[in-house]
Amino acid sequence: VVVDVDYVGKQQLKNLLKQFGNGVQLRPTYLVSSGKGVHLYYFLQEPVQLYRNREEVLAELKEALIRRLWNDTSSIRPDSPDIIGIYQGFRCVGSQSKLGVDFPVKAYKLSENRYTLEDIKASIPSCKVDLAPLYEKPRRKSTVTLEEAKELYPEWYEKRIVQGEPKQKSKKQGGTWVCNEALYAWWKRKITEEVKAGGRYFSIMALCSYGLKCGISEQKIRRDAYAFLDHLESLTEDEDNHFSRADVKDALRALKGDRKRLSTIASREWIEDNTKVTIPANKRNYRKQEAHLYLARRKKRI
């Protein structure tokens, strides 16, 4: 588990090391200097298999650990923690840091410790993350043969095999809904009006997600993303943290992955946490989607 604490000055580093020593904070296995911040590496006793049903719990635990470590004693900007996901990559030890060639990324071993996820949770006061889903076995694919399925599920066989109808998935199972293009246009306005220097990279990833949800072509998404480059660069607050064309290109790599997965895991909560943009939940007055849309269309006609 790796946590990034940014904007760490000399006094903040002293505070962190003191807290690791007196047990106030969980002592990492390694501390890596990344330029103007530190990466804290907590080695695990056993590797954790990243099944999809575990992603949300692991992300919640990591967020809780980030908020625990990133505070007014460890960072010059305690109110702007970067809540990064479980798949976030970090600068390699020995590579160039943000400060330039003369300041390579260095690693310092602080302990021999290896932890369990329970240890990490226990180090966070009042942590309410439920780790139980991590011990649920993922569902196995059915071993029923096609001939057996024909006898057991005749209606399914007729629709899916004989008639060739596509498999229908609910959102929970990984399916997606095609949204109105107005949603995509709305997010573009959000990038212009509300995104700040902490969420620029993820705002482009979110643009990819909303674009896929709305059926926007990859070519248009890329064109729109690069159109925001000058604006996002103008938000730069730290001379060592400019937003470049390479950052846009890297964020657009999301389009090359599992498209359906991107458009579903990039939830409202994920986008809020990573872009620092407040997104109010849709209000349906507790109606089902079909009923809500029907009434909305009636109001529009009236």
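Arrange the peptides 151-157, 119-125 so that the one whose residues have, on average, the most other Cβ atoms within 10 Å appears first.
Answer by packing, highest mean first, reads 119-125, 151-157.
Place the peptides 211-220, 90-99 in order of packing, highest mean first, counting for every residue the other Cβ atoms within 10 Å and averaging per peptide.
211-220, 90-99
Give a quick list of GluC sites (Glu not before Pro) in region 56-114 that DSSP marks as loop, anything other than H, G, I, E or B, with at most 16 other Cβ atoms within 10 Å.
Glu112
Could you pull out which residues in region 204-219 have an amide N less than 13 Å from a spot 7 Å beyond the Cα of Tyr226, following the Cα-Cβ vector?
Residues passing the 13 Å test: 219.
Please arrange Ile204, Ile84 by counting, for each residue, the other beta carbons lying within 10 Å of its beta carbon, fewest first.
Ascending number of Cβ neighbours within 10 Å: Ile84, Ile204.
Please order Glu147, Glu158 by the number of other Cβ within 10 Å, starting at the fewest.
Glu147, Glu158
If you rank Asp130, Asp82 by fewest surrounding Cβ atoms within 10 Å, what's the result?
Asp130, Asp82
Structure shown: which of Lys36/Lys249; Lys62/Lys137; Lys109/Lys249; Lys14/Lys62; Lys196/Lys220 lie over 28 Å apart, alpha-carbon to alpha-carbon?
With Cα atoms farther than 28 Å apart: Lys109/Lys249.
Taking only the alpha-carbon positions of region 79-161 and ignoring solvent, what does the Debye formula give for the base-10 log of I(q)/I(0) at q = 0.22 Å⁻¹?
-1.21
Using 0.36 nm per residue, how much length does the chain from Lys137 to Lys150 gain when fully extended, once their Cα-Cα distance is taken away?
Contour length minus the Cα-Cα distance gives 1.9 nm.
Decide, for region 2-135, between rounded, prolate and oblate: order the square roots of the alpha carbon gyration tensor eigenvalues as a ≥ b ≥ c, take rounded if a/c falls under 1.5, and otherwise choose prolate if a/b is larger than b/c, else oblate.
Verdict is prolate for region 2-135.
Read-outs throughout are calculated quantities, based only on the coordinates presented, and are distinct from any laboratory measurement. Note that the coordinates shown come from a computational prediction; the quantities given were computed from them, not determined experimentally. Virtual Cβ from ideal backbone geometry, glycine too; neighbours counted across all protein chains shown.
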